[in-house]
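Here is the structure we will look at, set down as structure tokens.
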Amino acid sequence: MERLKIGMFMDSFYPDINGVILVMEHLLRCMSEYADVTLVVPKTGSEKEDDKYPFKIIRIDSVPLLKTGYNLGMVDLEYAKMKRMFKKVDFDIIHIHSPFSLGRLGVRVAREKHIPVIATMHARWEFEFKKYLKSNTIAKLGVKHLIKTYNKCDKCIALNKALEKVYKDYGYTGDFKIINNGTDLEIVSNPKEAIQLVNEKYHIKDKEIVFLFVGRIISIKNIYFILDTLKELKERNISFKMLFVGSGPDFNNLKTKIKAYNMSDEVIMTGKIMDRELLKAIYYRATLFLFPSLFDSSSLVQIEAASQETPTIFIEGSVTSDTIENNINGFTEKEDVHLFADRIQEILNNKTLYRKVQQGAKNDLARSWKDIAKETYDFYLEMIEQYKSKAL
């Protein structure tokens, strides 16, 4: 059987790091075993390690967007040159992962090659826009502009049913395919060693409760809500350690607030951790993963936590909690500091419920990236056949 030729387009890639980049890398690595895959991303000036990946990478000239950490591909200025370049590249289908300049480029290339183009909807863009633009009106206009790109695609992938509704509210008029995220993490092979490693590294007592957050340290992830909840728990004389794993624009602000709350002994900011074995051990050591984000759509970290038998508590009704069922494979509570603290106390005190949800999370949520990649690949084949049928 002839290998499918797949083009993925995204507005960021390593050395930057975010959830979408990790999703793409996992999909591309898995698919490269049975397909020819090419990734199209911006130049960042740090492409020395591109050759180490088992897939081809094309870098597009770009300029940095101030204060965002992203690069903007110079597509419109350089399109004549790009058009000639992509004329020589053979694709059967194009998959975009963002609606900005590189995503729009993917749509243009697909239309000129007369092949299908699909998109994965990863983010709730109004949160990002409100943070950087400081205006609800401009944020809504920005989202409306981005939706035009999605509406030019043949079909879009939503990570769960709740995100499907979000994008319908944004103005997306096309059809959806639901495909969840996955994980590359397998359960730790030596639990005692994993626990000892984390305890020694972060000065944690053997029986101590450990709360965990992994992700960008940014206000739209509701990190200050986490800290306020921890302050409430401390005032109730509950002993614990909290690990914030990650970096981001609000790292120093959070650090300052931790000191102001006199919680430096309880709360540890580890910074970014690239060592997957260490990260896996941290997930395993954690008692409960705290993820009150209203911004995320279906975060990888909640699946990674589940893979290590660590359940997550979410905000009730949040999009990222859509894949879990309360008290079955995860926990939910209203966005209220006192109620959230109450719920955490209840979870800690009910060992039977905790163990049930712990296993439910591991069994229900921790799908492998190989399975997700195969499901996505089968979707590509389906879309190619549909596209050919319409052309007849």
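The values are calculated or read from the model by the stated rules, or taken from the named source; none is laboratory data. Note that this is a predicted model, so its numbers are computed, not measured. Neighbour counts are summed over all protein chains in view; Cβ atoms, including those assigned to glycine, are modelled from backbone coordinates with ideal geometry.
Among the residues of the stretch 124-148, the one identified as outside any helix (DSSP H, G or I) and hydroxyl-bearing (S, T, Y) is S135. The residues of the stretch 252-290 that are among the hydroxyl-bearing types (S, T, Y), loosely packed, with under 15 Cβ neighbours inside 10 Å and either touching a Pro at 6+ places or on another chain (Cβ under 7 Å) or within 13 Å of M242 (Cα to Cα) (or both) amount to a single one, S264. Here the condition is being at pLDDT 95 or above and not charged (D, E, K, R); of T323, T312, it holds for T312 alone.
Residues checked against (1) touching a helix residue (DSSP H, G or I) at 6+ places or on another chain (Cβ under 8 Å); (2) in contact (Cβ under 8 Å) with a residue 60 or more places away in the chain:
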| position | (1), (2) |
| --- | --- |
| A80 | no, no |
| K83 | yes, no |
| F91 | yes, yes |
| S98 | yes, yes |
| G106 | no, yes |
| R111 | no, no |
| A119 | yes, no |
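Filtering V357, V319 for residues that are more than 15 Å from L212 (Cβ to Cβ), β-branched (V, I, T) and in contact (Cβ under 8 Å) with a residue 60 or more places away in the chain leaves a single hit, V319. Among the residues making up the stretch 254-269, those that are closer than 28 Å to E316 by Cα and of a type outside the set (D, E, K, R) are L254, I258, Y261, M263, V267, I268, M269.
Which residue pairs have Cβ atoms under 7 Å apart, sit 6 or more places apart or on different chains, and have a first residue in the stretch 264-282 that is closer than 20 Å to I209 by Cβ and a second that is small (G, A, S) and assigned to a helix (DSSP H, G or I)? Within 7 Å, the pairs are A281/A194.
The rows are residues; the columns are (1) hydrophobic (A, V, I, L, M, F, W, C); (2) crowded, with 23+ Cβ neighbours inside 10 Å.
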| position | (1), (2) |
| --- | --- |
| A80 | yes, no |
| M85 | yes, no |
| D92 | no, no |
| H95 | no, yes |
| S101 | no, no |
| L105 | yes, yes |
| V109 | yes, yes |
| A119 | yes, yes |
| A123 | yes, no |
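Listed conditions (1) on the phi > 0 side of the Ramachandran plot; (2) free of Cβ contacts under 8 Å to residues at least 12 places away in the same chain are all met by G171, apart from (2). Close Cβ contacts (under 7 Å, 6 or more residues apart or on different chains) running from residues in the stretch 234-260 that are farther than 18 Å from A286 by Cβ and in the same structural domain as I223 (by TED's automatic domain parsing) to residues that are basic (K, R) and surrounded by fewer than 16 Cβ atoms within 10 Å (Cβ to Cβ) comprise S247/K272.
If the condition is being over 18 Å from K221 (Cα atoms), in a loop (DSSP other than H, G, I, E, B) and polar (S, T, N, Q), then the stretch 307-322 contributes Q308, T310.
Each row is one residue, and each column tells you yes or no for (1) buried (at least 17 other Cβ atoms within 10 Å of the Cβ); (2) outside any loop (DSSP other than H, G, I, E, B); (3) not aliphatic (A, V, I, L, M).
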site: Y150; (1), (2), (3): yes, yes, yes
site: L163; (1), (2), (3): yes, yes, no
site: Y172; (1), (2), (3): yes, no, yes
site: N181; (1), (2), (3): yes, no, yes
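Would you point out which residue out of G360, G330 is in contact with a helix residue (DSSP H, G or I) (Cβ under 8 Å, 6 or more places away or on another chain), surrounded by 14 or more Cβ atoms within 10 Å (Cβ to Cβ), in the same structural domain as K221 (by TED's automatic domain parsing) and under 26 Å from L163 (Cα atoms)? Step by step, each of G360, G330 is checked, and only G330 is in contact with a helix residue (DSSP H, G or I) (Cβ under 8 Å, 6 or more places away or on another chain), surrounded by 14 or more Cβ atoms within 10 Å (Cβ to Cβ), in the same structural domain as K221 (by TED's automatic domain parsing) and under 26 Å from L163 (Cα atoms). For the stretch 27-56, the set of residues classified as among the hydroxyl-bearing types (S, T, Y) and within 23 Å of I157 (Cβ to Cβ) consists of S32, Y34, T38, Y53, listed by residue number.
Restricting the stretch 131-163 to residues that are of a type outside the set (A, V, I, L, M, F, W, C) and touching a strand residue (DSSP E or B) at 6+ places or on another chain (Cβ under 7 Å), the residue that is nearest to L102 (Cα to Cα) is Y150. From the list I226, I195, I204, I220, pick out the single residue that is surrounded by 17 or more Cβ atoms within 10 Å (Cβ to Cβ) and assigned to a loop (DSSP other than H, G, I, E, B). None of the other options fit; the residue is I204.
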